[in-house]
Every structure is written in C-alpha cells, then in structure tokens.
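Scroll down for the structure; my scribbles are underneath it.
Read-outs throughout are calculated quantities, based only on the coordinates presented, and are distinct from any laboratory measurement. If you're wondering where the values come from, they're calculated on a predicted model, not measured in any experiment. Virtual Cβ from ideal backbone geometry, glycine too; neighbours counted across all protein chains shown.
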Amino acid sequence: MTTLLVALLALLAPRQHVTVAASAGSTSAKAGGKVVLYVDVVPDAGIHVYAPGATDYQSITLTLEPSASVVAGKVVYPKSETLFFEPLKETVPIYQKPFRLAEDVTIAKSTKPGTKLKIAGKIDYQACDDKVCFIPASLPVSWTIDVK
C-alpha cells in the first residue's frame, strides 16, 4: 500500500521541467569582497523556458532574498535563442539548451570573519514544450560562503 501511495503522489506532484544547480566562483570571501553566484539550468528534453524580453510569459529570473549581509548585483543572462511558434504566430526569446545565470554579490563589510553566510534565493520560470505551456514554477537555490 505504501508503494502505491508514493507512486500516486509522484504522479500528482508538479513536474519542474528543469534541473538547477547552484555554485559560486569561490566558497570564501573577505568582508567587503565580491563573490559570483551561479545557477546552472538544464531544461528537460523537448522543453524550453522563456528568456528575458518574453512578453505574456514568465521569463526566467533569479531573485535573492534580502539580507543585511549581502548586496546583490545585476543578474547576467546568456544570449537567448529565438523561437517562432507557428500556431500563435509569435516570436519569443527562449533557452532550450543548458545555460548559466551569474550574479555578483558583495559581502557587507560588517560581516564578521568566521561567519558561514547562507545566501538564499529562487528561480522563477515558465516551461513549455512544443504544444503546452505549463504553469509558472519556482525553485529554491542557496549558497554558503565562508567569510574570512
């Protein structure tokens, strides 16, 4: 019975359609120093997500939770592809191959050395295949930086 319940719950759980992995240019930094945060995104086969500039869809975004210990920079997005969707006669910017988002953050000068600084955020996006656009989704991401 338990196996059946787990299988049923797996079918009912929303599919994410992408895999994300967070990493950093360095796992340590001095107070007042900068670190580059990365999010590697891999869309499932046959799936695309919308790039910045898409209208009427949820473009992929990286948003960091506000923190007194971190000053967030601007997210850098890679060059997107262009998709012409014939049924709606629309052209939209997308990512359908693996890609990386990057964001510089500055560690507050007031952060004490020895602190393990957890930086949390989320990726918001909308995934589609060649027939269906799924409801917008969000995935958590986080990084831990050792302050020297």
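A few points about this structure:
- Mean ellipticity per residue at 222 nm, deg cm²/dmol - from DSSP H runs of n ≥ 4 across the chain, formula -39500 (n - 2.57): -2000 deg cm²/dmol
- Bridging of residue 74 to lysines at a Cα separation below 28 Å is possible for 30, 34, 97, 109, 112, 116, 118, 122, 148, once same-chain residues fewer than 8 apart are set aside.
- Between residue 81 and residue 109, the FRET efficiency from the beta-carbon distance, with R0 = 41 Å, is close to 0.50.
- Selected from 66, 87, 136 as most flexible by GNM, with the chain as the system and alpha-carbon contacts under 10 Å: 87
- Entry for Rg/Rh (Cα atoms, Kirkwood Rh) (calculated from the structure that is shown) out of [x] 1.43; [y] 1.07; [z] 0.95: [y]
- Over all other residues within a Cβ to Cβ distance under 13 Å of residue 73, the charged ones net out to 0, with Lys and Arg as +1 and Asp and Glu as -1.
- Annotation: amide H of residue 127 within the under-5 Å range of 134, 137, sequence separation 5 or more or interchain, hydrogens built in the peptide plane.
- Segment residue 129-residue 15, extension gain: residue separation times 0.36 nm, minus the distance between their alpha carbons: 39.8 nm
- Alpha-carbon centroids, region 95-148 and region 38-80: separation in whole Å: 8 Å
- Charged side chains reduced to their Cβ positions (Lys and Arg at +1, Asp and Glu at -1) give region 17-142 a dipole of some 880 debye around its Cα centre.
- Approximate spin-label separation residue 90-residue 23, in nm, with each point projected 7 Å along Cα-to-Cβ: 3.4 nm
- Positive end of the dipole of region 17-142 (Cβ unit charges, origin at the Cα centre): among 70, 60, 91, the Cα lying farthest that way belongs to 70.
- Relative contact order, whole percent, for region 22-88 stands at 17, derived from Cα pairs under 8 Å and 6 or more residues apart.
- Computed from backbone phi, the HN-Hα couplings of region 96-109 come to 10, 10, x, 8, 10, 9, 9, 9, 6, 10, 10, 7, 4, 4 Hz, rounded to whole numbers (Karplus: 6.51 cos²θ - 1.76 cosθ + 1.60, θ = phi - 60°; Gly and Pro given as x).
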